[in-house]
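Please treat every number below as a calculation from the coordinates, not as lab data. Since the model is a prediction, treat every value here as computed from it, not as a measurement.
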Amino acid sequence: MKHKNTIKSRYDDLGGSDYDMRYTEEQLAKYELIMDELPEANLMLDNGCGTGLLFRFIESSLVGLDLSSELLRTARERVNDVQYLVQGDSEYLPFRDDVFDAVVSVTVVQNLMKPERLPIESARVSKPGSNVIISSLKRVYEKVEDITSIVECDYLMLNRVFTDENINDWITVSTKKQ
Ligand SMILES: C[S@@+](CC[C@H](N)C(=O)[O-])C[C@H]1O[C@@H](n2cnc3c(N)ncnc32)[C@H](O)[C@@H]1O
């Protein structure tokens, strides 16, 4: 079983600049696909934000949450005055119910000890009717059903899955049920 401290250390040891060097291009290609799925939001959560590569594409207020203090150190250099950072755990989000207009979680779920908690918690903190976007590595979830079966929980309705061959993730787009 994956241990949370091991995951945190792995990202802390990698550090923000090495993370960006290795993964920026790959992550930007994923963001390009999800942008159209993010309607005007007042407040968005980037759940597992890493170094905050997504932040510059988001105009609304945003909270970035991540486990890794080292990646958050780099994210701190990217925030503007309506973007905030929180160190926390995607399995147990430190937010009240129904507060975010959109939740995005790019390439995070495969790291979790209890992956099924990511859609549940993302839905809990979202307002009813808002979009929840969750992507996962294809090399971990080999079949698209491996991830859709996790995302399709009691609280989310799955609307769309991006399966583009040149993208390393399955990208699911869901709506929080009313
Ligand atoms: C592949 S990176 C993706 C980062 C970012 N979403 C991006 O697009 O670049 C995975 C991220 O998940 C974070 N992570 C892993 N387990 C976590 C947990 N339990 N809670 C919050 N973040 C976690 C890691 O620290 C890392 O930043």
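Things worth noting here:
- The chain - percent relative contact order, Cα under 8 Å, separation 6 or more: 20 percent
- Share antiparallel - DSSP beta bridges, the chain, percent rounded to 5: 45 percent
- Amide H contacts for Leu62 (H built 1.01 Å from N in the peptide plane; partners 5 or more residues away or on another chain; cut-off under 5 Å): Met44, Gln83, Tyr84.
- For Leu156, distant residues with modelled amide H under 5 Å away: Lys177
- Near Asp169, the amide H atoms lying under 5 Å from its own belong to Lys138; only residues 5 or more places off or on other chains count, and H is placed 1.01 Å from N.
- Karplus-based coupling profile of the stretch 51-56, in residue order and whole Hz: 8, x, 4, 6, 3, 5, with θ = phi - 60° in 6.51 cos²θ - 1.76 cosθ + 1.60 and x standing for Gly or Pro.
- From phi via Karplus (6.51, -1.76, 1.60), per-residue ³J(HN,Hα) for the stretch 159-175 in Hz, x at Gly/Pro: 9, 7, 10, 7, 10, 3, 4, 7, 10, 7, 10, 7, 10, 9, 10, 10, 10
- Sequence-distant lysines (8 or more away, or on other chains) whose Cα lies within less than 16 Å of Lys114: Lys2, Lys4, Lys8
- Computed over the stretch 4-176, the P(r) curve from all C-alpha pair distances, binned at 5 Å from the origin, holds 1, 9, 19, 24, 23, 16, 7, 1, 0 percent per bin.
- Excluding same-chain neighbours fewer than eight residues apart, the aspartates and glutamates reachable from Lys143 by a Cα-Cα span under 12 Å are Asp169.
- Applied to the stretch 144-151, the Karplus parametrisation 6.51 cos²θ - 1.76 cosθ + 1.60 on θ = phi - 60° returns per-residue 3J(HN,Hα) values of 4, 5, 4, 9, 5, 5, 7, 5 Hz, with x for Gly and Pro.
- Proximal aspartates and glutamates relative to Lys127, as straight alpha-carbon distance under 14 Å, when same-chain residues fewer than 8 apart are discounted: Glu40, Asp97, Asp98, Asp101
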